[in-house]
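Structure, as structure tokens:
Read-outs: derived from the displayed coordinates by stated rules, not from any lab. Because the structure is a prediction, the values reported are computed rather than measured. Note that we place each Cβ from the backbone using ideal geometry, even for glycine, and neighbour counts take in every protein chain shown.
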């Protein structure tokens with residue numbers, strides 16, 4: 001067994017503070033993680049506090065200069081700083097939790113040094129992805145670059161690993177859905193035939209905030225699909241793969257996207273509407289509607305809806321509708337956001353629904369309602385649906401198979417895995433903790449590679465689905481807003497060249 005590994009956390013903004021550091025603190029408590037060192041831009045504090053109220057901790061933060069997102073390799077000055085930290089702190093693993101447009105150079109730097117990586121989602125994104133087809137397609141190309149670097153690192157060190165923190169792969173409810181799909185596919189030879197998925201996070205960003213608040217904003221030419229869309233881009237193909245059968249493997253997707261941008265939101269709720277609804281907004285807001293239209297031109301998507309055909313050998317195996325929206329039910333009622341901006345809290349209420357149909361044999365309805373929201377003072381209170389509201393309805397054709405149960409409803413307790421302190425709860429926080437724990441447990445020699453849930457090599461499909469969504473948005477923008485032809489992309493889990501390479505290697509071994 002290996003000793004606890006010292007971890008470099010690249011990017012210590014609100015996202016890492018909320019999602020990564022609590023899980024890393026838990027790993028320190030169990031002996032999987034050693035010291036933590038943060039890296040952030042020049043404005044960052046020299047240290048950040050994390051941990052639990054009963055056991056606060058401080059993580060030193062090393063600062064680096066910002067660099068353009070167009071760079072595919074880290075600048076020399078940034079590399080020298082990071083190399084020095086790795087040597088001085090004896091770093092054994094890297095967590096990449098930066099703004100996603102710079103994921104690629106940080107991940108490549110770590111892999112070049114044979115440092116295992118826990119890579120946040122999305123894998124990458126490019127400024128202007130929703131308006132520039134070339135920037136959209138670069139998302140797919142980036143995966144190929146990352147995978148090539150990963151393969152090279154694995155040849156140097158077979159223990160090398162890059163895990164993608166797409167936490168729904170560890171979430172007990174989402175895993176249960178995949179298991180149920182597999183059961184019925186095995187019994188009937190029927191794949192998933194349609195999926196309706198939606199996610200809304202109840203963000204109400206006021207007109208002046210569209211321009212002035214950049215964190216998880218729209219000013220870089222991308223939005224909702226990059227903010228949280230990757231969860232769906234990953235989850236749905238992962239479920240579909242659970243139902244694939246010989247001769248019915250998905251090899252192509254056809255995607256059409258429609259989106260709203262800040263200008264559309266400002267037509268839905270105008271500056272005048274905000275002035276009427278929120279006393280004091282008129283005094284605070286320096287922008288007219290015309291100003292905002294000009295300032296937000298070319299901004300990224302606020303909401304995006306996708307229609308997808310998942311095909312095998314020219315035939316549609318499954319149809320998908322994927323609805324990703326910031327503009328949904330919210331509990332924000334205040335003019336001023338709480339400290340930390342609009343990333344979390346401020347009345348944001350998550351709503352997530354998936355309806356999976358498996359021919360005439362099975363329907364699965366998964367409903368997840370976030371039940372807590374941040375009040376103006378930063379505290380949480382019950383909002384909707386009851387505490388920890390999650391339920392999975394399983395419907396099966398018991399006329400065909402009398403041994404099947406026609407309807408089951410699985411709630412929070414039914415979906416939890418294990419009991420006591422080691423229980424995996426059906427919550428996003430618990431799933432994220434599992435992701436971090438599995439990564440570190442593999443490095444400690446306690447978890448075999450075969451059991452890793454989210455290896456980078458398994459993320460070609462979500463990367464291509466995300467690229468296709470942005471490519472569809474970009475083509476429509478480039479054509480003046482008129483509907484563009486659907487995007488068609490190869491959707492095999494491994495690229496044709498890689499499949500050929502594996503075949504050649506296998507034939508060579510056979511000889």
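See the values below:
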read-out: Helix-only CD estimate at 222 nm, as mean residue ellipticity for the chain, using -39500 (n - 2.57) per DSSP H run (n ≥ 4); value: -11000 deg cm²/dmol
read-out: Listed peptides 448-459, 170-181, 401-412 by packing density, highest first (mean Cβ within 10 Å); value: 170-181, 448-459, 401-412
read-out: Measure of compaction for the range 172-426 (Cα Rg per 2.2 N^0.38 Å); value: 1.17
read-out: Separation in nanometres of the label points that stand 7 Å from Cα toward Cβ, at residue 248 and residue 209; value: 4.6 nm
read-out: Length gained when the stretch residue 482-residue 400 is fully extended (0.36 nm per residue, less Cα-Cα span); value: 24.8 nm
read-out: Ascending count of other beta-carbon atoms within 10 Å, so fewest first, for 398, 40; value: 398, 40
read-out: Bridge type composition, the range 5-166 - antiparallel percent by DSSP, nearest 5; value: 20 percent
read-out: Span from the the range 55-79 Cα centroid across to the the range 86-156 one, whole angstrom; value: 14 Å
read-out: Cα gyration tensor category, rounded, prolate or oblate, for the chain with a/c compared to 1.5; value: rounded
read-out: For the chain: relative contact order, % (alpha-carbon pairs under 8 angstrom, 6 or more apart); value: 19 percent
read-out: Stretch gain in nm, segment residue 492-residue 272, where the contour uses 0.36 nm per residue and the Cα spacing is subtracted; value: 74.3 nm
read-out: Förster-model FRET efficiency, 41 Å R0, residue 52 and residue 449, C-beta, rounded to 0.05; value: 0.85
read-out: Between the range 232-283 and the range 299-328, the Cα center-to-center distance that results, in Å; value: 9 Å
read-out: Alpha carbon convex hull of the range 241-361, projected area averaged over orientations, nm²; value: 11.0 nm²
read-out: For the chain, share of DSSP beta bridges that run antiparallel, in % to the nearest 5; value: 70 percent
